[in-house]
Amino acid sequence: MRIVLVGPPGAGKGTQAQFIASHLSIPKISTGDIFRANVSGGTELGILAKQYMDKGDLVPDEVTVAMVRDRIAQPDAVSGFLLDGFPRNVPQAETLRDMLADNGQAVDKVLELVVDEEEVVRRLSGRRTCGQCGRIWHVDFDEGRDDVCDDCGGRLFQRDDDKEEVVRHRLEVYKEQTEPLVEFYEKEGVLAGIDATGSVEDVTARALAALRPA
Ligand SMILES: [Zn+2]
């Protein structure tokens with residue numbers, strides 16, 4: 001089964017990708033993982049990609065497409081895969097469709113995680129990271145922990161990625177790029193909206209239910 005998972009920042013997409021793929025015994029192919037491997041490896045592609053990611057912007061299509069094309073051609077992806085973070089836009093979706101069609105394949109289902117935008121802003125902008133042990137606390141859910149880590153006494157700080165204006169920018173970028181993509185897959189008849197509120201297990205169960213034949 002060939003699945004595409006889409007969802008805004010803060011929807012728990014990475015976690016769901018992991019769970020759904022492992023339930024179906026297919027590889028999870030995340031552009032985030034591919035980017036990180038390139039960035040930490042200091043490759044030319046990685047350095048380029050990092051400049052975009054640092055600003056909360058998207059990596060150019062040709063860079064991403066080249067990486068995905070190689071990845072889905074690998075033996076473990078022959079009988080199926082779950083794509084997380086690709087395609088991001090309609091041109092990428094068309095490229096993916098053509099790539100798969102060359103092998104008589106197609107995307108079977110697109111799962112769209114649906115969340116409330118203000119909820120995402122509240123959840124992400126309330127995060128505080130311990131500079132010493134890396135544990136993440138939340139100003140709403142961990143009362144009083146907005147300054148010092150209870151585990152190790154380290155100073156808490158707000159990661160740039162979690163700052164409200166950055167979160168809102170990422171949501172804007174996501175909306176502009178992804179809404180046409182969702183419409184594209186709706187027209188193709190493969191889109192399934194998944195309510196992404198509630199526990200991780202509940203969301204996984206909803207996603208798996210949407211993948212079962214009617
Ligand atoms: Zn700590």
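What follows is calculated from the coordinates using simple rules that are stated; it is not laboratory data. Because the structure is predicted, anything quoted here is derived from the model rather than measured. Counting neighbours? That spans all protein chains shown, and the Cβs are built from the backbone with ideal geometry, glycine included.
Of the residues making up segment 2-51, those that are out of contact with any helix residue (DSSP H, G or I) (no Cβ under 6 Å at 6 or more places or on another chain), surrounded by 14 or more Cβ atoms within 10 Å (Cβ to Cβ) and assigned to a loop (DSSP other than H, G, I, E, B) number 3.
Counting the residues of segment 162-181 that are farther than 12 Å from Thr129 by Cα, surrounded by 17 or more Cβ atoms within 10 Å (Cβ to Cβ) and within 16 Å of the chain's Cα centre (by Cα) gives 7.
In segment 148-169 there is at least one residue that is closer than 23 Å to Gly85 by Cβ and among the β-branched types (Val, Ile, Thr). The criterion of at least 1 residues that are within 16 Å of the ligand (Cβ to nearest atom) is met, among strands (runs of 3 or more DSSP E) falling completely within segment 119-214, by 127-130, 136-138. The single condition from (1) of a type in the set (Lys, Arg); (2) closer than 30 Å to Val110 by Cα; (3) surrounded by fewer than 13 Cβ atoms within 10 Å (Cβ to Cβ) that Arg159 fails is (2).
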